[in-house]
Amino acid sequence: MFTRVFRILFMFCCLTVCAQPGRAQVTIPDSVNTVFPAGLRLESENFTGTVWVERLVTIENGEQAVAVGNVTFPPKSRSNWHTHPAGQTLVVLDGVGYYQQRGEPVRVLRKGQTVQCPPDVSHWHGAANDRWFVQMAMTSEHPQGRVQWGEAVTDAEYRAGIPVERAENDSMQNLAARYRHLATIASLAAQGKLEALQPALGDALDAGLTVNECREALTHLYAYAGFPRSIRSLRTLMATLEERRERGIDDPTGPDAGAIAEHQPKYARGKRVLEELIGRPLEGRSDYGDFAPAMDVFLKEHLFADLFERDVLSYRDREIVTISILASLGGVTPMLRGHLGIARNLGMTDAQLRNVLKIIGITAGAAAGEAALEVLENGASGG
């Protein structure tokens, strides 16, 4: 046991040359979730700035053991250029960071993302300009060593990541605003709160949603909340547009739905769309589909072919609308859980979904919002 502990401590020490005194002490703020213990605070010639390193475990795998460690970078800190003879896998545990392979643009890494560093490919990684960054690294042992260090990353090389991050942030903020407006109008329409729906539609149009996108969201509504709610909401949109025209506002109509290439029977097309949404092939019918075969046909041919194939809204947009409707209606937890799973399968993050469900707490009441958040936190599946 002593030998094993000594070996681990020795590997820690090999990550650094002597600590450099005289620098301002940096501490990890409580808002940063390192997940595992932060480990040893290091200042090394192999890094620009301070880092914390924690060796977690060595996974024995024949002759090629895999070392698993945790590295925490303060803002602006980064590794030197380096290679891994056997490659490395990175998992982002918290924060925002940059990653670059030699000759390629800087990539922005965010919580939950992974990176596969190929063997012998020069690269660097570290924290974003004003964000902490926590990574878990899995590195295979190799006769040439786990890492071969190179020169420091210059300020110019590092700062190339800043405009990339800003552009992504702008895009994410625009997307968050879009989801917020879709969730708001879908929730209010599902509940029949038409007096609140009219100004919400005006806000959505002001934020850049087109007339056709709003119209499509309210049309999509009928599949989950019924024709009466959908029709009354569409009439509310008509009144909103008329009132805005009287004020001299000419809202862009936006593209119409494109033509659908009917290369397959409608049932097969709907089945294919549903398989894309849930991320797995479908075998047979559901229990209610066996009990009521007509319902299975209506779902496949109409909901997932006629509606979901219309390209005015993306699959993600439609899931935002659907989730907001179901969360607002209540009493349909299995369906809400399923559509939250679909949203995850489509690449939406839990943070994005939480923001959507927080809207439900405003539009449908705190109880509805908390119930929906509980469904998300307790797990969602695409089944």
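A short reminder: the numbers here are calculations on the coordinates, not readings from a lab. Note that the coordinates shown come from a computational prediction; the quantities given were computed from them, not determined experimentally. Positions of Cβ are generated from backbone atoms using ideal geometry, with glycine treated the same way; all protein chains shown enter the neighbour counts.
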Query - Projected area, mean over directions - segment 242-383, Cα convex hull, nm² - result: 10.9
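Give, as a single signed number, the net charge of other residues whose beta carbon lies under 10 Å from the beta carbon of residue 308, with Lys and Arg counted +1 and Asp and Glu -1. Each step should come with its number before you reach the end.
Numbers: positive: 269, 310, 318; negative: 276, 306, 309, 311, 319.
In short, -2.
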Query - Compactness of segment 198-302 as Cα Rg over 2.2 N^0.38 Å, two decimals - result: 1.39
Report summary line: From DSSP H assignment alone, runs of 4+ in the chain each adding -39500 (n - 2.57), the sum over residues rounded to the nearest 500 puts [θ] at 222 nm at -14000 deg cm²/dmol
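Taking Cα pairs under 8 Å and at least six residues apart, what relative contact order does the chain come out at, in percent? Intermediate values should be presented prior to the final figure.
Numbers: 660 pairs, mean separation 45.1, N = 383.
Answer for the chain is 12 percent.
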Query - Projected-area average for segment 123-221 over all orientations - Cα convex hull basis, square nanometres - result: 10.9
Report task. Under a cut-off of 25 Å between alpha-carbon atoms, report the lysines in cross-link reach of residue 358, not counting same-chain residues fewer than 8 places apart. Result -> 111, 193
Query - Cα principal axis extents for the chain, largest first, Å - result: 73, 53, 42
Query raised in the report: Considering the chain as a Gaussian network with a 10 Å cut-off on Cα pairs, which listed residue, 162, 359, 59, attains the greatest mean-square fluctuation?
Result: 59
**Report entry** Of 254, 304, 328, farthest towards positive along the dipole that unit charges on Lys, Arg, Asp, Glu beta carbons give the chain
**Finding:** 328
Query raised in the report: Normalized C-alpha radius of gyration of segment 94-146, against 2.2 N^0.38 Å?
Result: 1.21
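Fewest to most neighbouring Cβ within 10 Å: what's the order for 232, 247, 337, 280?
Details: 232 15, 247 7, 337 19, 280 12.
The most exposed by this proxy come first: 247, 280, 232, 337.
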